[in-house]
Amino acid sequence: MSTAQGAQSGHSILLSAKTQTATEPLTTEKVWDLDPLELNPHRQNWLLNRDVRAEGLKADYRQGHYGVILAQVVSLTRVYTRAPGPWYQEISTFSCQREPNAWFSTAEGTQIAGEAAAKHWDELLSDKLQKLTLQLNRVNESKEEKALMEGRRLFAEWLDGLEVEWQAEGKHQARLAEWKSYRTTCLSGKPVTAVKKIQPAQSLALRGQEIFDPVPPTGSEQIFARLPARRWNGLYTIRLSMDVGGKRLNGQFLLDSGSLHSLISPDFLAGQGIPPEALVLKGLHAQKVKWAEGSAVARAIGGYTLSLGNQEIPFKDLLMTETELFIPPQFVSTCCDGVLGIDFLRQYAVEFRAGPPVEIILWPRAGFHHEAARPWTEVSTTSTGDLISAACIADTGSLASKAAPPVVGARWDTGSEYALEVHATQFEKARKTPWTLTCGSQKIATRIDASPQDKNGLRFSHGKIANVGMPILGRGDTTLDLSHGRIWFTEKTLQTRIYRNESGLGVRFKYESDQGDRILQVVSIAPKSSAALFAKQTGIKVGTRLTQVDSKPIEELDLWNINQRLAGAFGTAVKLEWDVGTRHTTKLGKVVKNPILKNGVLSLAAGNVGELK
């Protein structure tokens with residue numbers, strides 16, 4: 001039992017700290033239930049449940065004012081560990097490596113880590129007890145009730161500070177103690193099987209799905225919300241409602257796993273009659289954020305509630321910065337009013353459904369799982385909010401294995417319009433070679449056209465791994481289940497081709513004039529293509545103005561929608577309508593201009609129908 005003596009009053013605060021071993025085994029569900037700040041519950045084999053209380057807090061009258069006295073701080077720590085299972089390995093397989101990795105753990109080492117963590121927590125409490133004493137001794141209020149309120153506030157603030165230090169160092173120190181035990185056993189001369197040093201990606205791939213809690217044979221049934229979605233260049237947005245001062249605002253919010261924070265545009269607020277500055281929380285520093293468009297400076301806001309449909313959601317972490325990403329003429333309208341980042345996506349299991357209809361399904365994260373037969377890959381969340389799968393490898397296969405070595409590790413990015421981004425050096429070595437993405441034993445996509453990572457505007461720090469975007473994730477139904485460390489696919493999704501416009505017909509939106517209409521024009525026709533044959537048969541040419549695509553007016557379409565159709569995503573033929581001139585007629589003495597329209601069906605040749613990438 002520790003004590004800390006007050007500098008002014010001479011009063012000592014006692015510290016009573018006890019540690020118990022929990023009888024209930026730890027599970028992934030239990031981890032994020034007891035420790036919501038844990039980024040990767042599925043990888044945590046031990047956990048401390050820390051209960052700290054202030055006992056005997058009372059007001060102390062001192063010469064015309066009130067201070068406070070605290071009798072003792074009582075701490076009860078319970079150490080939870082996972083039951084024996086395949087997530088543990090045998091010490092005989094340890095390779096004696098110096099630095100801890102993310103995957104090796106034994107049952108004995110986990111117990112050591114839990115005990116070391118509990119010891120570190122007790123030492124932290126003891127070390128900081130003097131600080132609490134000094135803070136309480138400064139309480140000086142005119143009324144007894146105010147003194148007690150200030151004492152409780154200072155205690156809560158002290159605990160918050162302890163939590164910050166614990167999160168920064170406690171788990172790390174426990175892992176070092178655990179790893180030291182492995183190294184001691186390995187170097188002590190005890191028999192240890194010689195193990196070839198392998199990379200974490202290979203290790204996770206070899207262990208496969210064994211490191212996770214088993215998945216029940218049938219999937220979850222309860223849905224939190226089914227939301228109509230819209231796709232912008234392949235990315236997903238949903239409509240979110242915001243209530244401010246009795247006024248409801250409705251906006252389109254981008255789902256962006258590349259952003260750690262959720263954001264809202266000040267222009268959106270101002271356009272709805274809400275002064276943005278009125279919502280800014282005073283006394284908080286602006287912070288730098290990264291999202292699909294790049295980097296920005298954002299400020300925290302308050303005084304609002306959020307709803308999805310008619311359901312209010314307990315989410316209060318919006319930061320304010322400009323979030324415009326898509327603008328006309330290539331898009332029908334402007335987007336986006338805000339961004340929903342990792343801080344939002346972690347609250348649910350989020351299923352992207354390519355449709356039709358295009359939807360976002362939000363599942364309650366507690367106990368969530370799809371059916372056991374559905375394919376999935378492991379994903380972990382870094383402290384910067386990046387979604388990383390260490391067991392994934394992107395390579396060019398035997399076609400260019402010497403020129404472009406495999407890229408180990410993948411970052412999943414629902415805010416990226418590119419299928420696969422690799423380091424510029426690797427991109428140059430295999431510029432014209434298709435790539436393959438494999439996670440463990442599961443082939444995710446083949447014949448992928450890679451893009452170089454933007455060295456100047458790179459929005460993440462993992463330049464040596466591959467960035468995987470929505471052309472791969474958005475081919476079909478994909479679920480981000482971050483609370484359980486899984487990205488779920490369907491067999492159909494993994495077998496769906498990545499479409500690109502290979503018809504030979506290049507189109508582009510433009511404005512007819514500064515004040516004119518948004519029009520769609522043919523800008524290129526590739527020789528020896530389906531489009532070239534179509535042009536020869538119909539007379540369509542560069543500069544031709546298209547008016548409909550598959551019977552849909554171009555006023556309702558974005559360029560991405562049109563290119564998907566020209567890639568064969570909706571069939572092996574595309575019906576086009578175009579303007580070939582103007583017919584002048586006279587009606588009631590006035591000359592009326594009427595467009596002369598022609599239509600035809602562009603047949604997409606077998607080799608041009610969005611080949612499997």
### Query
Checking GLY355 against (1) open to solvent by 10 Å² or more (accessible area, probe 1.4 Å); (2) in a loop (DSSP other than H, G, I, E, B); (3) touching a Gly at 6+ places or on another chain (Cβ under 6 Å), which single condition isn't satisfied?
(3)
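Filter the range 85-101 for residues that are in contact with a helix residue (DSSP H, G or I) (Cβ under 6 Å, 6 or more places away or on another chain) and either assigned to a loop (DSSP other than H, G, I, E, B) or on the phi > 0 side of the Ramachandran plot (or both) and give the result. Before the answer, list the steps.
Within the range 85-101, the first condition is being in contact with a helix residue (DSSP H, G or I) (Cβ under 6 Å, 6 or more places away or on another chain), and the residues that meet it are 86-88, 91, 94, 96, 100-101.
Once the filter is applied, which keeps residues that are in contact with a helix residue (DSSP H, G or I) (Cβ under 6 Å, 6 or more places away or on another chain) and either assigned to a loop (DSSP other than H, G, I, E, B) or on the phi > 0 side of the Ramachandran plot (or both), the range 85-101 yields PRO86, TRP87, TYR88, PHE94, CYS96, PRO100, ASN101.
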### Query
Taking the range 293-332 on its own, how many of its residues are in contact (Cβ under 8 Å) with a residue 24 or more places away in the chain, in contact with a Leu (Cβ under 6 Å, 6 or more places away or on another chain) and either of a type in the set (Asp, Glu) or part of a loop (DSSP other than H, G, I, E, B) (or both)?
6
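When only residues in the range 501-516 that are among the charged types (D, E, K, R) and part of a loop (DSSP other than H, G, I, E, B) count, which is surrounded by the most Cβ atoms within 10 Å (Cβ to Cβ)? Walk me through it before giving the result.
Our first condition is that a residue be among the charged types (D, E, K, R); within the range 501-516, this holds for 502, 508, 510, 512, 514.
If we keep only those that are part of a loop (DSSP other than H, G, I, E, B) as well, we get 502, 512, 514.
Details: GLU502: 20, GLU512: 12, ASP514: 5.
The extreme case among them is GLU502.
Filter the range 300-322 down to the residues that are among the polar types (S, T, N, Q) and either within 27 Å of ALA286 (Cα to Cα) or open to solvent by less than 20 Å² (accessible area, probe 1.4 Å) (or both), then identify the one that is nearest to the chain's Cα centre (by Cα). Even if it seems obvious, please write down each step before you answer.
Applying the first criterion (among the polar types (S, T, N, Q)) to the range 300-322 yields 305, 307, 310-311, 321.
This time we only want the ones that are either within 27 Å of ALA286 (Cα to Cα) or open to solvent by less than 20 Å² (accessible area, probe 1.4 Å) (or both), so: 305, 307, 321.
Numbers: THR305: 22, SER307: 20, THR321: 19 Å.
That would be THR321.
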### Query
So which residues in the range 377-399 are over 12 Å from the mean Cα position of the chain (by Cα) and either outside any loop (DSSP other than H, G, I, E, B) or modelled with pLDDT of 90 or more (or both), if there are any at all?
THR377, GLU378, SER389, ALA390, ALA391, CYS392, ILE393, ALA394, ASP395, GLY397, SER398, LEU399
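Does the range 63-107 hold any residues that are among the charged types (D, E, K, R) and surrounded by 14 or more Cβ atoms within 10 Å (Cβ to Cβ), and which are they? Please lay out each step first, then the result.
Of the residues in the range 63-107, the ones among the charged types (D, E, K, R) are 78, 82, 90, 98-99.
The answer is ARG78, ARG82.
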## Note on the structure
In the range 323-340, residues that are more than 19 Å from the chain's Cα centre (by Cα) and open to solvent by less than 70 Å² (accessible area, probe 1.4 Å) total 8
### Task
Could you identify the single residue in ILE519, ILE540, ILE498, ILE554 that is surrounded by 17 or more Cβ atoms within 10 Å (Cβ to Cβ) and within 27 Å of ILE444 (Cβ to Cβ)?
ILE498
### Message
I'd like the full set of residues that are without any contact (Cβ under 8 Å) to a residue 40 or more places away in the chain, in contact with a Lys or Arg (Cβ under 9 Å, 6 or more places away or on another chain) and farther than 12 Å from TYR80 by Cα, limited to the range 37-61.
### Response
GLU38, ASP51
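I'd like to know if the range 113-125 contains one or more residues that are over 30 Å from LYS180 (Cβ atoms), out of contact with any Gly (no Cβ under 8 Å at 6 or more places or on another chain), free of Cβ contacts under 8 Å to residues at least 40 places away in the same chain and open to solvent by 10 Å² or more (accessible area, probe 1.4 Å). Full working, then the answer.
In the first step, residues of the range 113-125 are kept if they are over 30 Å from LYS180 (Cβ atoms); the result is none.
No: the range 113-125 contains no residue that is over 30 Å from LYS180 (Cβ atoms), out of contact with any Gly (no Cβ under 8 Å at 6 or more places or on another chain), free of Cβ contacts under 8 Å to residues at least 40 places away in the same chain and open to solvent by 10 Å² or more (accessible area, probe 1.4 Å).
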### Qualifying residue in the range 553-562 (condition: in a loop (DSSP other than H, G, I, E, B) and in contact with a helix residue (DSSP H, G or I) (Cβ under 7 Å, 6 or more places away or on another chain))
no
### Query
Do you know which residues across the range 220-256 are open to solvent by 10 Å² or more (accessible area, probe 1.4 Å), in contact with an Asp or Glu (Cβ under 8 Å, 6 or more places away or on another chain) and part of a strand (DSSP E or B)?
ARG226, LEU227, PRO228, ALA229, GLN252
### Message
So, in the range 40-56, how many residues would count as being surrounded by 18 or more Cβ atoms within 10 Å (Cβ to Cβ) and in contact with a strand residue (DSSP E or B) (Cβ under 7 Å, 6 or more places away or on another chain)?
### Response
9
### Task
Determine whether the range 363-375 contains at least one residue that is in contact (Cβ under 8 Å) with a residue 40 or more places away in the chain and under 11 Å from the mean Cα position of the chain (by Cα).
no
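The values are calculated or read from the model by the stated rules, or taken from the named source; none is laboratory data. Model, not experiment: these values are computed from the prediction. Positions of Cβ are generated from backbone atoms using ideal geometry, with glycine treated the same way; all protein chains shown enter the neighbour counts. Protein only, heavy atoms only, side chains kept; ligands, DNA and RNA dropped before computing areas. Shrake-Rupley method; radii C 1.70, N 1.55, O 1.52, S 1.80 Å.
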